[in-house]
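Structure, as structure tokens:
The values are calculated or read from the model by the stated rules, or taken from the named source; none is laboratory data. Just so it is clear, the structure is predicted and the values come from calculations on it, not from any experiment. Counting neighbours? That spans all protein chains shown, and the Cβs are built from the backbone with ideal geometry, glycine included.
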Amino acid sequence: MDGIVGVFGMDDNELVPKTFLATGACQHRGKASTGLAIGNSKGIYIHKGLGRIAEVIDHNIIRIFQDLGPMAAIGNIGYTKRKIAEKLNAEPIEIHPKNSSNYKMVLTMDGYLIKEDDLRAELEPDYSIQTDNKTEIIGALLHKYITQEGISFGAGEKLVNRLHGRATFALTALVHDGKEIYLIALNDDKAFEPFCYSVIDGTFVASSESCSHRRLNGLTEKEYDGAEMTICSSGGIETKRLREEPLMPDIFQGVYFGNVGSLFRGKEIFELRKELGLELVDQYKDSRADIVIPNPESGWGVTVGIAEGLDRKLFPALIKLPQAVRTFQEGESTTRTQEVGLKFGGIDSLLRGKNIAMGDDSIVRGSVSEGGSVWVVYNAGAKFIEFWISYGPMFFPSFKEWHRGIECLDELAVQRAFKGDNPYDKSTDEINKAVAELVGVDEVRYNLQERIRKASGDGSFQSLDASYPIDHEYWPDWLKREFEKFQKYGET
């Protein structure tokens, strides 16, 4: 879930600083690596490294790049692609054809590709694949189609069609044809990954999130529909939709991963999350809680809705410590449970002796709640915890986790709560009770999918109902078997 940016402004004397700011606005999406690439009439230049943007891109890099007279730039905030981040996989990535080419291309991407071995084998005779980053495979394909079709919508259409049903992506690319620089922005035909653009003071800015546009004192002009492509050149800026498919935006990005101030299919993410909290109150009606607290940081939005709906006071009684380690992708469950206890601090004077309604975006594996926030709240003296969850019970893993095998299914909190059984024929109350016992709270209160859809609109609810943006033929066998159980028992 990288943050990506593409900026085009032929006469913009602040193009590199703007790219830095627009990319930095996406910092919450990834903290493993950072990179910028700029293009001018002579070529493309890249600077990247491991760490947050302020650790990799300093004022000297910005000044040097701006002095090169760029007309276009792309930026990346890298999400952790491995347990240990590697500079080799940092983006943007240059594509290396083995034979002489009229086109030099550098790109960055947010998204995921399933089972790329056949594509890698197809490309290896003509391209030197230097990383194990899926972005490079998709980039080499795009370069291949540009070689065949020129820098055109035809090349983009070939890529979209080739990756239909096996990849999600939003990408920005710089292409130099030996004479001038082009900026390309393109997404998959289901618009699964968030992607939007705006023209701010004559400069085109595409980004993973609309917070980039606000950082540049602009407003988002449009969220990309599926298979929508923009080509920026000295001849102008043109956008075209290349393939018509029903849109499947990733609802969980709005529920959890997006910036609260960004847009998600036309709605501010904070408002979406607040509405989820109001829907929860409408579903469960009453509460024993004396006060309402968020499980920070992504639990704030839903908690505001819960507090408003219950007419209870909202306090920041559980805080995320600034020195906290990042544990979201820690693979070892024991280590993860131990480390999350270091992330939070509880305020005893607010929690001691109280019944607590705690709001959170979701329960995935349950280890953050089990080992961190829940323990801290009880340790501060809370008597009773209702755990209100804006999302529903997560029966299935993200398709971006399939490569880990059936482990990514078995580790989910709902699956663990019904180990040796199945959760699919259980009522919401039964699931609430079992997961509450698993994570160690008095009550869990999950949201219902129809209520989530009411707030978010239609899209992919992959973890709730296996509505993946990936065609069934690319599913692993263990998932196909599990989905058959879901269909069988879910109907009873």
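So, of the residues in region 19-31 that are outside any helix (DSSP H, G or I) and crowded, with 22+ Cβ neighbours inside 10 Å, which turns out to be farthest from the chain's Cα centre (by Cα)?
Result: Ala25.
Check whether at least one residue in region 61-78 is surrounded by fewer than 16 Cβ atoms within 10 Å (Cβ to Cβ) and at pLDDT below 95, and report yes or no.
no
Could you please tell me which pairs satisfy a Cβ distance under 8 Å, a separation of 6+ or placement on different chains, a first residue in region 141-160 that is farther than 13 Å from Tyr182 by Cβ, and a second residue that is hydroxyl-bearing (Ser, Thr, Tyr) and modelled with pLDDT of 95 or more?
Lys144/Tyr127; Thr147/Ser101; Thr147/Tyr103; Gly154/Tyr145; Lys158/Tyr145; Leu159/Tyr145
Going by the conditions given, is His143 modelled with pLDDT of 95 or more, assigned by TED's automatic domain parsing to the domain that holds Ile77 and either surrounded by fewer than 22 Cβ atoms within 10 Å (Cβ to Cβ) or of a type in the set (Lys, Arg) (or both)?
Considered against the rule, which asks whether it is modelled with pLDDT of 95 or more, assigned by TED's automatic domain parsing to the domain that holds Ile77 and either surrounded by fewer than 22 Cβ atoms within 10 Å (Cβ to Cβ) or of a type in the set (Lys, Arg) (or both), His143 comes out as no.
Residues checked against (1) in contact with a Cys (Cβ under 9 Å, 6 or more places away or on another chain); (2) buried (at least 20 other Cβ atoms within 10 Å of the Cβ); (3) among the hydrophobic types (A, V, I, L, M, F, W, C); (4) within 30 Å of Pro194 (Cβ to Cβ):
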| residue | (1), (2), (3), (4) |
| --- | --- |
| Pro423 | no, yes, no, yes |
| Thr428 | no, no, no, yes |
| Val439 | no, yes, yes, yes |
| Gly459 | no, yes, no, yes |
| Pro476 | no, no, no, yes |
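Run down Phe195, Phe169, Phe257 and say which single residue is closer than 22 Å to Ile77 by Cβ, in contact with a His (Cβ under 9 Å, 6 or more places away or on another chain) and among the aromatic types (Phe, Trp, Tyr).
Checking each option against the conditions leaves just Phe257.
Would you point out the residue of region 463-472, among those that are farther than 22 Å from Ser362 by Cα and touching a residue at least 12 places away in the same chain (Cβ under 8 Å), that is surrounded by the fewest Cβ atoms within 10 Å (Cβ to Cβ)?
Asp471
So, in region 100-129, of the ones that are part of a loop (DSSP other than H, G, I, E, B) and touching an Asp or Glu at 6+ places or on another chain (Cβ under 7 Å), which residue ends up farthest from Asp250 (Cα to Cα)?
Asn102
Would you check if there is a residue in region 215-225 being assigned to a strand (DSSP E or B), assigned by TED's automatic domain parsing to the domain that holds Arg241, crowded, with 24+ Cβ neighbours inside 10 Å and within 23 Å of the chain's Cα centre (by Cα)?
Within region 215-225, none of the residues are assigned to a strand (DSSP E or B), assigned by TED's automatic domain parsing to the domain that holds Arg241, crowded, with 24+ Cβ neighbours inside 10 Å and within 23 Å of the chain's Cα centre (by Cα).
Where the second residue is surrounded by fewer than 19 Cβ atoms within 10 Å (Cβ to Cβ) and among the small types (Gly, Ala, Ser) and the first is touching a residue at least 24 places away in the same chain (Cβ under 8 Å) and in a strand (DSSP E or B) and lies in region 161-187, which pairs have Cβ atoms under 7 Å and are six or more apart or on separate chains?
As it stands, the answer is His176/Gly43; Ile181/Ser41, since those pairs meet every condition given.
Out of region 176-198, which residues are over 28 Å from Leu263 (Cβ atoms) and buried (at least 24 other Cβ atoms within 10 Å of the Cβ)?
Correct list: Ile181 only.
If you go through region 410-428 one residue at a time, do you hit one that is within 14 Å of Val364 (Cα to Cα) and not in a helix (DSSP H, G or I)?
Yes, there is a match, as at least one residue in region 410-428 is within 14 Å of Val364 (Cα to Cα) and not in a helix (DSSP H, G or I).
Can you tell me which of (1) buried (at least 22 other Cβ atoms within 10 Å of the Cβ); (2) under 21 Å from the mean Cα position of the chain (by Cα) is the one Val16 doesn't meet?
(2)
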